[in-house]
Amino acid sequence: QVQLVESGGGLVQAGGSLRLSCAASGRAFSIYAVGWFRQPPGKEREFVAAYSRSGVNPYYADFVKGRFTISRDNAKNAVYLQMDSLQPEDPGVYHCAAGLVRDYRDWTKYPYWGRGSQVTVSS
């Protein structure tokens, strides 16, 4: 069992940056793949970024490549999402998720979720 808690969201102007953190508690966090997903207002949840279990390969949605960076620190049981050049289309509730998954982009495969952190971008 893994518990996840996100932090770091807030209001930022377009072009600005935010860093989201996801703190994990529970056993053996390092064996799980971790992902960030977002749910824009009135839309379905969508994949943002993920890290494989090994922590070697990051995966990104096309719309965040070059702007967002995912990282993980297994020693601290934490995952981060550095978001730069935020755009008006980036707002939403950002969730971190963990699980023994292979299809990192499919949110339905992740059993463990945080409650989310709100990101708002003003133009």
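Listed by first and then second residue, the pairs with beta-carbon distance under 7 Å, at least 6 apart or on different chains, first residue in the range 75-99 and in contact (Cβ under 8 Å) with a residue 12 or more places away in the chain and under 15 Å from CYS22 (Cβ atoms), second among the β-branched types (Val, Ile, Thr) and open to solvent by 20 Å² or more (accessible area, probe 1.4 Å), are GLN82/THR69. The set of residues in the range 1-28 being buried (at least 20 other Cβ atoms within 10 Å of the Cβ) and under 12 Å from VAL79 (Cα atoms) consists of LEU4, GLU6, LEU20, CYS22, ALA24.
Summed over the range 100-117, residues that are polar (S, T, N, Q) and without any contact (Cβ under 8 Å) to a residue 40 or more places away in the chain total 1. Among the residues of the range 111-123, those that are of a type in the set (Gly, Ala, Ser), assigned to a loop (DSSP other than H, G, I, E, B) and modelled with pLDDT of 95 or more comprise GLY114, GLY116.
Cβ-Cβ contacts under 6 Å between residues 6 or more apart (or on different chains), taken from a first residue in the range 39-61 that is among the aromatic types (Phe, Trp, Tyr) to a second residue that is surrounded by fewer than 17 Cβ atoms within 10 Å (Cβ to Cβ), are listed as PHE47/ALA61; PHE47/ARG105; TYR51/PRO58. The set of residues from the range 35-46 being of a type outside the set (Lys, Arg), open to solvent by less than 20 Å² (accessible area, probe 1.4 Å) and modelled with pLDDT of 95 or more comprises GLY35, TRP36, PHE37.
Scanning the range 111-123 for residues that are farther than 15 Å from ARG38 by Cβ, open to solvent by 60 Å² or more (accessible area, probe 1.4 Å) and not small (Gly, Ala, Ser) yields a single hit, PRO111. If you filter the range 1-57 down to residues that are among the basic types (Lys, Arg), part of a loop (DSSP other than H, G, I, E, B) and touching a strand residue (DSSP E or B) at 6+ places or on another chain (Cβ under 7 Å), you find that the one that is farthest from PHE68 (Cα to Cα) is ARG53.
The values are calculated or read from the model by the stated rules, or taken from the named source; none is laboratory data. Predicted model, so just to flag it, every value in this text is computed and none were measured. Here Cβ is always computed from backbone atoms with ideal geometry, including for glycine, and neighbour counts include all displayed protein chains. Just the protein is used for accessible areas: all its heavy atoms, side chains included, with ligands, DNA and RNA removed. Shrake-Rupley method; radii C 1.70, N 1.55, O 1.52, S 1.80 Å.
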